[in-house]
Amino acid sequence: MVDSFRPAGYEGVRVSGGSGRAEGTTAKTGVETTVPVEPFPEDRAPTPTVLIVDDEPDQLGLLTAYFFRAGCTVIGLADAEHALALPQDVELDLMVLDLRLPGMDGWELTKRLRSRYPRCPIAITSVLDVEDYPAADGALPKPVTKAHIHKLLSSTIRRWELDRETDGGDRR
């Protein structure tokens with residue numbers, strides 16, 4: 001299923017549903033990147049929701065594809081301001097934040113989102129040295145690979161690892 005999720009006053013947010021119960025053939029991010037959608041079993045537990053904030057369309061598309069194929073629901077946004085505009089009741093299982101963003105930078109965004117979602121793990125993705133990252137629960141240095149995504153999911157979202165073990169590996 002490809003759901004459109006639009007906070008009041010913002011038309012650019014789209015959620016690609018990791019459940020994969022798709023009628024169409026693509027899932028979209030806020031920057032109009034497409035990701036193939038494949039059918040997903042109906043008896044699957046709720047999928048983890050991952051917020052990705054990266055202003056580079058290619059990187060946002062790549063991260064969206066990797067997380068989507070790993071069975072996650074993805075909210076992909078291109079800047080900090082739109083991430084902070086998400087409704088308070090959005091439940092997130094993981095946040096993946098770039099540091100070099102237009103407007104508010106990733107360091108400030110990390111601080112604000114940590115305050116807003118204190119129990120949600122944060123992973124930083126950047127071309128900068130890992131030593132320069134703010135305190136976070138995970139790191140995804142660029143260039144990111146599928147193996148990096150799986151390792152991050154395994155270390156931050158326990159139910160993802162358990163579900164992965166029962167279905168024999170990769171979801172997509």
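What follows draws every value from the coordinates through simple rules; no lab data is involved. Just so it is clear, the structure is predicted and the values come from calculations on it, not from any experiment. Cβ placement follows ideal geometry from the backbone for every residue including glycine, while neighbour counts extend to all protein chains displayed.
Taking region 124-139 as the search range and keeping residues that are more than 15 Å from the chain's Cα centre (by Cα), in a loop (DSSP other than H, G, I, E, B) and not hydrophobic (A, V, I, L, M, F, W, C), which one is surrounded by the most Cβ atoms within 10 Å (Cβ to Cβ)?
So, considering only residues that are more than 15 Å from the chain's Cα centre (by Cα), in a loop (DSSP other than H, G, I, E, B) and not hydrophobic (A, V, I, L, M, F, W, C), the one surrounded by the most Cβ atoms within 10 Å (Cβ to Cβ) is Tyr133.
Please go through region 71-103 and give me each residue that is under 19 Å from His150 (Cα atoms) and out of contact with any Lys or Arg (no Cβ under 6 Å at 6 or more places or on another chain), ordered by number. Full working, then the answer.
At the first step, the residues of region 71-103 found to be under 19 Å from His150 (Cα atoms) are 71-76, 92-98.
Within region 71-103, Cys72, Thr73, Val74, Ile75, Gly76, Leu92, Asp93, Leu94, Met95, Val96, Leu97, Asp98 meet the criteria.
Return the pair list, or none, for Cβ contacts closer than 7 Å from residues in region 118-129 that are farther than 17 Å from Leu99 by Cβ to residues that are crowded, with 22+ Cβ neighbours inside 10 Å and not charged (D, E, K, R), at least 6 apart or on different chains.
Cys120/Leu94; Cys120/Met95
Can you pull out the residues in region 108-135 that are among the polar types (S, T, N, Q) and closer than 17 Å to Asp89 by Cα?
Correct list: Ser115 only.
Has region 90-102 got any residue that is farther than 22 Å from Asp132 by Cα, out of contact with any Ser or Thr (no Cβ under 9 Å at 6 or more places or on another chain) and in contact (Cβ under 8 Å) with a residue 60 or more places away in the chain? Steps first, answer last, please.
Just the residues of region 90-102 that are farther than 22 Å from Asp132 by Cα, to begin with: 90-93.
Adding the requirement that they be out of contact with any Ser or Thr (no Cβ under 9 Å at 6 or more places or on another chain) leaves none.
No, that holds for no residue.
Considering only region 92-123, state which residues are within 18 Å of Leu140 (Cβ to Cβ), part of a helix (DSSP H, G or I) and not aliphatic (A, V, I, L, M).
Scanning region 92-123 gives Gly106, Trp107, Thr110, Arg114.
Taking region 60-102 only, how many residues are β-branched (Val, Ile, Thr) and closer than 17 Å to Arg158 by Cα? Give the steps one after another, and end with the answer.
Keep residues of region 60-102 that are β-branched (Val, Ile, Thr), which gives 64, 73-75, 90, 96.
Subsequent filtering for residues that are closer than 17 Å to Arg158 by Cα retains 73, 96.
Summing the residues that are β-branched (Val, Ile, Thr) and closer than 17 Å to Arg158 by Cα in region 60-102 gives 2.
Cβ-Cβ distance below 6 Å, separation of 6 or more or different chains: which pairs start in region 53-64 with a residue that is farther than 20 Å from Asp105 by Cβ and end on one that is crowded, with 17+ Cβ neighbours inside 10 Å?
Gly61/Thr33; Thr64/Thr29; Thr64/Val35; Thr64/Val74; Thr64/Gly76
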